[in-house]
Amino acid sequence: MATNVAERATAPVVTAIPPTAGVRFRSHAVTWSWRAFLFVVYLVLFGPLVILMLFSINDSNVLAFPLEGVTFHWYTDAFHDQLLHDALVNSIVVACIVAPICLVLGTLTAFGLTRFRFRARPAVAGLVGAPLILPWLIIGIAALMFYVRFKVDLSLNTVIATQVVCTFPLVTAIVGAQLFRFQRVQEEAAIDLGCSRMQVLRYIILPHIAPALAASAIFAFTWSFNNYEISAFTLGFQQTFPVWVYSSVRNPDHTAIVNAISTVISIIQVVLLTVALLFLRARSGDDAARGIIAGGEAVAASAET
Amino acid sequence: MATADVAIAPAKRGRRSGGGRGAFGILFAPVTLLIVLFLGPMVIMAFMSILKFPPNTSSGRTLSHYTDVLTDPLNWKIAWTTLWMSTTAMIIMLAIGIPLAYYMVFRAGKWELFLLLSLVLADELAPVVKIYAWQVILGRNGIVNWVIPGPPITWLLFSPFAVIVTLAASYITYTTIPIYAAMKAIDASMFESAVDLGAGWWVQSKRLLIPLAAPGIFIAMILVYIPMLTDFVTADIVGGTGSYMMGQRVRDLILGSGDWGAGSALNLVMLVVSIVFSLLAYKLARLNRIQT
Amino acid sequence: MGRWVRAGAAAIAIALVGVACGGGSSAPASGPHGSVDPSSITGTIRLLSYSDGFDPGYLAAFQQQYPNIKLETSSMGSNEEAIAKIQAGFDADVVNSCVDEATLEMDEKGIYAPLDQSRLTNWNDLFPSMQQLPGVQYNGGIYMVPVDAGTSGIVYNADVVTTPPTSWADLFDPQWQGRAGMEDIAVTAFMIGALTLGIQDPINMDQTQIDQVKQFLIDHKSQFRTFWKGDAEVKSLFKSGEIVISSGYPDTAKALQQEGVNAKFAVAKEGQFLWACGYGMTPNVAPENLDAVYALLNYYSSPEAELYEAQHWNYQIANEKTLKLASPQLIQEASLDAPFHLQNAIPASPPENRDAWVAAWTEVKAS
């Protein structure tokens, strides 16, 4: 029973219908419509990136056609720019600190909000959601005034502090969405069957929210790295990468360097994510199966009630 | 891990008992941080909003900023523009995000991880840089006009159209991911049962997919819709002169005119509106879950 | 180049000896022909400036001469933004400002502190017209060292706009509807509007006139493709054909020609208005950094640094000695010898009620 559920869960829905010529044609059209749809979506998503890569080798610092000739000197310029180096390093360090903290805080909060009913819940939920909805520009300025009031020196630490507070609600939202749909029945079943709490956590809950955790981690890192509004106001005199980018809007040469450095960053990220992908694939065989089986059990269990 | 134990134990005996204590343990750290590092600055901001102009403490207190802000017809006009542009962009994103998430979860098979990761990758680049690229795409002599024959279409760029398109393109990732996460928790065998019972894809969507993915959809909306209401970068770069948005208004009031009072007041008003919206969406999401 | 700088450093050394309550590190006294080692000057300077102020090429010579001065930089998008940040608590030592934007305001708000003239080695070499710009001197003291200046006029694509424009009203010509550009700075936009409407003495406009200009700009908003900020944006707008005529500066036209766009700069008959920028010191400078701050201020106003600005950005300069270093062609190209003696020039000066201008421009953009 378990394996059947697992197989059927991964098979496409269409195969449940006995194939006839008409259906095969329809499924062809459907497949191709899906492909066209995906093509357009990814075109829109990556188009701007491709354009910037194109302009990063353009022998001109103006972002307009026609192209003036190929050059790599923007890349060498980027290489030699000390301010840029410092900014990048700062951004990476900050993001590497912010992301794990947000993951922990956000998951705790998601648990707290979805699993318990207590009178203050709507208020807490509102408080948690608030940093996501207030313009970061305002949070940044308010944070600056706050730090000044309490005589805290502005530095990367203040940036980290405010970024953490503004980013962990994102993790809460993503993990919370998945926890919402989670059937408590499984947990109770597991406990009834004699699992310890640690085992329940490790084998049932964590695999279930693993995709949400992974997505949140990536998002938290990205948000922190790309954050401009908060960093600009809570930084001392060190720069982070987005602050450097914005400051370069007034300097045409910098715009072209930004294209070059963005291309490099994107390539690095492609490499990193591909490696992560391969790594996950190699390891995730077992976990994925477990998740599906657990899901299947849940349906079976809830179908009985 | 101790807090997680506390979380699980009461579940066995029924949901309501021990709820408060368990929640307190788990939520203590996050909530404290929020109060200190978030509410603190907000309180200061609120304080600024009642100071008379110019904004220093010796000016005296006043509520006039609020009355000015709420009665200025210009603000209402900007609010309306912002609202309809953001809503249009949100609808477009949902129209793309829901099918995309569905495909990734149920149809993609081995490509799922690749699609997911590339979706995330697309968003890695600093937003301002990408928005400049849209100028090249939508411009008078840009890529779209190069592809489409005839005289150049000028309303593609520096117009509300440009803002909507760019906003939609910028936030697709954040729309799709929460919906994806919610759909992951749906058991695909339900769809097979539906098909066996004779339901076409529309009924399946309406009765199964959307309600089950609803928490994800609402989270996506909260995550994306509200930032769009306060966005100013996009409108600055591709909006031209005719699509001024609320985010720009607040920014200009504070950084342009130095009118901290009006800017803070306006901002707090927007915060209240956003909180109301979020609570509403949250309640709707929960309600929906109980019904299924 | 070395001789001038060493002389400057020597002057600092001499001045330091003369200072009664000196702070921190003072360079040893020595004779007038500098055997002072600039590398003995130490300190940290926190500089808040437009990004051209810390352009690496521009400051390369400074970093070389003063290897022991640590420079931390932060860029500002506008004078308003700098004021907003500083009033909110942001700490800086040297702050960039422009006379036509907020220099006087910075004096009045205490963001600038008075400078010691005896420590400003290049002060006496500055054009008198620069020394007397509003905000440079205030309440009998020197608060800001003016460094560069330029003019504002009309930049146009000569291939499309075949008749050279002669008036600000040409920006509002219906045949360029939707193809005109305007810089997103309150003072610029309102100046242009006022001059187009024929208002005399726009700097001293009263509220009714401001409202008039405001309404005029709102009515003609559709004339403009967009309000641009910054050099990079206006260049790409011209090059991609989005705009064919705009408010702008001579160096914009020059840079565009190098991009293959036949752009030219024209002066409007109603008047060209001028910008002038420089640097001042905040009251928060720690005593041990004072020498470094003056070193920087003197560097900015030195002929060598000014020559760099003239060559690279065609800025006009403040130090008369720069003319000795510049080629005749450059002098002519950038009008180096006659800042503010230009035809029909409206001097760089902040409007009387700048806040009202800025507020009105915000309304124009929002409408």
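Quick note: the coordinates plus some simple rules give every number you see, no bench work behind them. Predicted model, so just to flag it, every value in this text is computed and none were measured. Cβ sites come from the backbone with ideal geometry, for glycine too, and all protein chains shown count toward neighbours.
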Next item on the list: Using label points projected 7 Å from each Cα along Cα→Cβ, tell me how many nm separate B:LEU284 and B:ALA95, to one decimal.
Entry: 1.8 nm
Next item on the list: Divide the volume of the convex hull of the Cα atoms of chain C by its number of residues and quote the answer in cubic angstrom per residue.
Entry: 132 Å³
Next item on the list: Could you let me know the centre-to-centre spacing of segment C:154-211 and segment C:40-114, using Cα atoms, in angstrom?
Entry: 31 Å
Notebook entry, point to check: If R0 is 45 Å, what FRET efficiency do you get for A:THR71 and A:GLU188 from their C-beta distance, rounded to 0.05?
Noted result: 0.10
Notebook entry, point to check: Hey, fewest Cβ within 10 Å first, where do C:CYS98, A:CYS96, A:CYS102, A:CYS195 land in order?
Noted result: A:CYS96, A:CYS195, C:CYS98, A:CYS102
Margin query: Based only on other Cβ atoms within 10 Å, what is the fewest-to-most ordering of A:ILE268, B:ILE226?
Written below: A:ILE268, B:ILE226
Item checked: Prolate/oblate/rounded label for segment B:67-291 (Cα gyration tensor, a/c 1.5) -> oblate
Next item on the list: Sticking with the crude label model, points 7 Å out along Cα→Cβ, report the distance from C:ALA169 to B:THR87 in nm, one decimal please.
Entry: 4.4 nm
Margin query: Just want the ordering: B:TRP202, A:TRP34, from fewest to most Cβ atoms lying within 10 Å of their own Cβ.
Written below: B:TRP202, A:TRP34
Check: If you average the sequence gap of Cα pairs under 8 Å that are 6 or more apart and divide by the length of segment B:67-291, what percent do you get for the contact order?
Finding: 27 percent
Item checked: Pairwise label distance in nanometres, A:VAL30 with B:VAL147, each label 7 Å out on the Cα-Cβ vector -> 2.8 nm
Next item on the list: Please list the helices of chain C that count as membrane-span-like by this rule: a mean Kyte-Doolittle hydropathy of at least 0.5 together with Cα atoms stretching 20 Å or more along the helix axis, each helix being a complete DSSP H run.
Entry: C:2-18
